[in-house]
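Novice: One structure coming up, written as structure tokens, with questions to follow.
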Amino acid sequence: MIDECLVVEFTVRNDDCPLAEATRDVGVEIDARPPQRRSDGNDLLQFSAPTSDRLTRVLEEDDRISYLHASRTDGRSRYRCLSKHPCVVHRLIDSGLIVETLRYRDGAARIAGAVVGRDVLKGVMEAAGETVGVKLERVYPLESEARESPSRRWNLTPAQEECLRAALELGYFEIPRGASSEAVADELGISKSAFLERLRRAEAALFQQMFR
């Protein structure tokens with residue numbers, strides 16, 4: 001039997017993580033994937049941010065960062081690099097946290113993820129308590145997929161739900177738009193036409209249920 005799944009959210013401050021420091025220096029928000037520890041002891045970092053020459057320069061000048069690669073798509077840059085500095089999030093991951101989102105802003109990190117069972121939560125909390133600057137923000141049960149999944153609730157396909165989530169997170173629906181259709185498609189790893197088709201089908205499914 002699967003234990004209760006809990007959603008947890010942490011804020012990390014005063015961490016000398018290169019990405020956290022870069023957001024404080026430059027004033028941008030960075031969306032990152034969980035760092036991947038390599039056999040050589042370095043972390044592989046993959047992240048994106050609004051295109052900023054200053055951010056790229058700050059990262060290039062950081063001695064802890066190496067092999068920085070950046071690509072630009074319609075106002076947003078995607079980065080890959082190696083970091084010699086271990087991030088605090090590793091302590092939480094090693095204790096059992098499944099990271100869903102990792103965002104850096106104003107020198108702080110916001111981490112949201114899940115743990116399976118109270119025992120795992122206890123281990124993650126102990127790791128957080130031993131790490132300076134980590135603060136627990138929220139803990140709440142993850143409702144069953146049947147009740148909570150938008151794809152089930154609104155009769156969307158998983159691909160359509162993924163499409164809507166990515167578009168929303170990247171700012172596609174903002175005014176003015178924070179990301180173009182090409183940028184969202186690139187994030188999803190699909191073509192622009194495939195993204196737009198999924199988006200239209202998802203919108204049609206939602207509107208039909210809202211106004212029928």
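The values are calculated or read from the model by the stated rules, or taken from the named source; none is laboratory data. Values in this document were obtained by computation on a predicted structure and should not be read as measured data. Please note: Cβ atoms are built from the backbone with ideal geometry, for glycine as well, and neighbour counts cover all protein chains shown. Heavy atoms of the whole protein, side chains included, go into the accessibility calculation; ligands, DNA and RNA do not. Shrake-Rupley method; radii C 1.70, N 1.55, O 1.52, S 1.80 Å.
Novice: Considering each residue of segment 167-212, count those that are assigned to a loop (DSSP other than H, G, I, E, B) and among the charged types (D, E, K, R), and give that number. Even if it seems obvious, please write down each step before you answer.
Specialist: Restricting attention to segment 167-212, the residues satisfying the condition of being assigned to a loop (DSSP other than H, G, I, E, B) are 171-180, 189-191, 212.
Still in the list and also among the charged types (D, E, K, R): 174, 177, 212.
So the answer is 3.
Novice: For V184, all conditions in the list (1) in contact with a Leu (Cβ under 6 Å, 6 or more places away or on another chain); (2) more than 22 Å from R33 (Cβ to Cβ) hold save one; what is the number of the exception?
Specialist: The failed condition is (2).
Novice: Still on this structure, please answer the following. T51 fails exactly one of the following numbered conditions: (1) at pLDDT below 95; (2) surrounded by 18 or more Cβ atoms within 10 Å (Cβ to Cβ). What is the number of that condition?
Specialist: The one condition T51 does not meet is (2).
Novice: Within the set of pairs 6+ apart or on separate chains, which have a first residue in segment 73-101 that is assigned to a strand (DSSP E or B), a second that is acidic (D, E), and C-beta atoms under 8 Å apart?
Specialist: Pairs that qualify, where the first residue is assigned to a strand (DSSP E or B) and the partner is acidic (D, E), are T73/E182; T73/D186; R78/D186; L82/D43; S83/D43; T101/D31.
Novice: Hey, among R72, R80, R13, which residue is over 25 Å from A179 (Cβ atoms), charged (D, E, K, R) and surrounded by fewer than 16 Cβ atoms within 10 Å (Cβ to Cβ)?
Specialist: After applying the criteria, what remains is R13.
Novice: Got at least one residue in segment 122-137 being exposed (fewer than 13 other Cβ atoms within 10 Å of the Cβ), among the basic types (K, R) and either assigned to a helix (DSSP H, G or I) or modelled with pLDDT under 85 (or both)?
Specialist: No.
Novice: Would you pick out the residues in segment 138-147 that are of a type in the set (D, E, K, R) and at pLDDT below 60?
Specialist: Matches in segment 138-147: E145, R147.
Novice: Can you give me the number of residues within segment 41-61 that are closer than 24 Å to V132 by Cβ and either touching a residue at least 60 places away in the same chain (Cβ under 8 Å) or within 18 Å of the chain's Cα centre (by Cα) (or both)?
Specialist: Count: 3.
Novice: Also: Does segment 177-195 hold any residues that are surrounded by fewer than 16 Cβ atoms within 10 Å (Cβ to Cβ) and more than 18 Å from R72 (Cβ to Cβ), and which are they?
Specialist: Selection gives S191, S193, A194.
Novice: Can you name the residue in segment 148-176 that is charged (D, E, K, R) and open to solvent by 100 Å² or more (accessible area, probe 1.4 Å) and is also modelled with the lowest pLDDT among such residues?
Specialist: E148
Novice: Of a type in the set (K, R) and either within 27 Å of G189 (Cα to Cα) or without any contact (Cβ under 8 Å) to a residue 12 or more places away in the chain (or both): which single residue out of R24, R118, R38, R64 fits that description?
Specialist: R38
Novice: A further question follows. Quick one: in segment 16-37, which of the residues that are out of contact with any Phe, Trp or Tyr (no Cβ under 8 Å at 6 or more places or on another chain) and open to solvent by less than 20 Å² (accessible area, probe 1.4 Å) is nearest to R57 (Cα to Cα)?
Specialist: P18
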